[in-house]
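Notes to accompany the following structure.
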Amino acid sequence: MKSDTFERLYERCQNKDFLKSNNQATIVPFYIIPYKPTEKQEVANNINMVTKRLQEVNINILRLDLFNLCIEILKDQDMLEDVLELEQDESPEYFLDAFDSAINNEVVSDYIQTKIQDNDPDVVFIQGIDKAYPFRRLHPLINILHAKTEKKPIVFFYPGIYNGIAFKLFGLEEESFKSNNYEVRNLE
């Protein structure tokens, strides 16, 4: 990760054009900040610092952790205990299929949309993508989120590589990313 990534994020989040991108009809303002998995603690510290600094200049940040969000959804649906039991009793393949039917990308994106509507942030930060794997993957979630996020700028903190075409979580796995409807920009 470049040494000035979070300073540039701080500056970008104060930019009126960046913040007004939620009014543009055709552009969904998604941004990716890829980082090495070994930089996880440094990234978390920098997210805290940037969030605090932005709040000091009256920029409202909604921070979401994808894994914690999934747990919250399961609790709200009173399904967490059932899912935990299922994980112990069934094969990993069966468990993943059952989990996906209970809490698929549509459910997660609706929940994120509700959080955005309830909090009316200027910018949304989404982290915890690594913890949500393999239950949730970023690429399919982005495909659904683009139509549901109130056109708010969303910054994804991605523990891996994103080259504008493919995501490689932890630098290992590749998910091709193709859409004619929107562009996900690398903030680097």
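Report D for the stretch 20-135 in µm² per second (integer): Stokes-Einstein, Kirkwood Rh on Cα pairs, 10 °C, 1.306 mPa s.
On the way: Rh = 16.3 Å.
In µm²/s, the coefficient is 98.
Using only the C-alpha atoms of the stretch 73-116, find the volume of their convex hull and express it per residue in Å³.
On the way: hull volume 2.6 nm³, N = 44.
Hull volume normalised by residue count: 58 Å³.
Just list whichever of Lys16/Lys131; Lys52/Lys75; Lys20/Lys75 have alpha carbons separated by over 31 Å in the model shown.
Numbers: Lys16/Lys131 33 Å; Lys52/Lys75 29 Å; Lys20/Lys75 35 Å.
Beyond 31 Å: Lys16/Lys131; Lys20/Lys75.
Run through the DSSP bridge list for the stretch 35-169 and note the antiparallel percent, rounded to the nearest 5. Please list the in-between numbers first.
Values: 3 of 12 bridges.
Bridges in the stretch 35-169 that DSSP calls antiparallel: roughly 25 percent.
Values in this text are rule-based calculations from the coordinates and carry no lab data. Small disclaimer: the values here were computed from a predicted structure and weren't measured.
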